[in-house]
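What follows is a short report on a single structure.
The values are calculated or read from the model by the stated rules, or taken from the named source; none is laboratory data. These numbers were taken from a predicted model, which means no experiment stands behind them. Cβ placement follows ideal geometry from the backbone for every residue including glycine, while neighbour counts extend to all protein chains displayed.
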Amino acid sequence: MGNSLDQVLDRAFGHPRGLLGRLGGAVMAHGNAATERHIVEVAKPDTAETVLVVGPGPGVGLRAAGERAALAIGVDPSAEMLERCRERCADLIEAGKVRLRAGSAEETGEADASADVVLSVNNVQLWTDRAAGFAELYRVLRPGGRLVLSAHDRWLPLPRHELADELTAAGFTDLQTWVWEPPGVAGSLAAQFRALRPAE
Ligand SMILES: C[S@@+](CC[C@H](N)C(=O)[O-])C[C@H]1O[C@@H](n2cnc3c(N)ncnc32)[C@H](O)[C@@H]1O
């Protein structure tokens with residue numbers, strides 16, 4: 001019973017695929033929208049910057065990033081979610097402001113120091129190897145670039161301050177962490193982090 005519920009949740013939200021993935025995408029696009037947009041506000045990408053959005057799911061934050069940055073790149077392992085991003089961001093893709101790529105936090109496929117900003121919302125709990133993921137996000141950020149990460153506080157894979165310690169161990173500096181309560185009843189308390197790849 002527990003296992004089959006886990007499988008349903010994984011198909012809907014963790015590694016969205018098929019009909020459940022489409023339903024999960026619609027639920028996330030509604031329930032996580034405020035947090036996705038808030039994280040773009042926290043990162044404040046400017047019009048000359050490139051933003052890498054890890055695990056964009058249905059693409060609400062990807063769209064918000066593409067609307068204000070020079071370029072937003074969405075990297076997600078789910079073909080279903082990449083399709084939702086393609087629909088949601090069709091005009092921005094056409095305008096060359098959003099690109100999509102199959103990949104993961106651990107393997108983004110992006111070049112060294114190619115991003116000014118990296119965003120991750122509600123996927124750190126799904127990474128198969130957090131140390132590899134943080135090393136990869138550090139690699140793709142330019143020196144002085146910033147990482148902003150958010151996750152449902154109740155589903156954090158470890159206590160918030162221990163996750164902050166992992167970011168520091170990966171080389172990130174100027175670390176800040178806090179919790180944020182999305183407006184309305186649909187959202188849940190978010191644990192959030194902001195850190196820099198140190199300038200050289
Ligand atoms: C719970 S959804 C969150 C989607 C969206 N960011 C939101 O908050 O609505 C998790 C997303 O992370 C993706 N994902 C799963 N494993 C991942 C990994 N190792 N690296 C990056 N993204 C991953 C899933 O495909 C899915 O799109």
*Taking ARG139 as meeting all but one of (1) within 23 Å of ALA72 (Cβ to Cβ); (2) in contact with a strand residue (DSSP E or B) (Cβ under 9 Å, 6 or more places away or on another chain); (3) among the charged types (D, E, K, R), write down the number of the exception.*
(2)
*For region 182-197, which residues satisfy the criterion of being exposed (fewer than 14 other Cβ atoms within 10 Å of the Cβ) and either modelled with pLDDT of 95 or more or in contact with a helix residue (DSSP H, G or I) (Cβ under 8 Å, 6 or more places away or on another chain) (or both)?*
PRO183, GLY184, ALA186, LEU189
*Quick one: count up the residues across region 71-84 that are of a type outside the set (Ser, Thr, Tyr), surrounded by fewer than 24 Cβ atoms within 10 Å (Cβ to Cβ) and farther than 11 Å from VAL117 by Cβ.*
5
*Which residues, taken from region 112-156, are assigned to a helix (DSSP H, G or I) and not charged (D, E, K, R)?*
VAL124, GLN125, LEU126, ALA131, ALA132, GLY133, PHE134, ALA135, LEU137, TYR138, VAL140, TRP155
*Taking region 16-36, which residues are within 9 Å of the ligand (Cβ to nearest atom) and either under 14 Å from the mean Cα position of the chain (by Cα) or polar (S, T, N, Q) (or both)?*
MET28, ALA29, ASN32, ALA33, THR35, GLU36
_In region 55-88, residue farthest from the ligand (Cβ to nearest atom) [restricted to those that are in a loop (DSSP other than H, G, I, E, B) and within 20 Å of ALA34 (Cα to Cα)]_ = ALA69
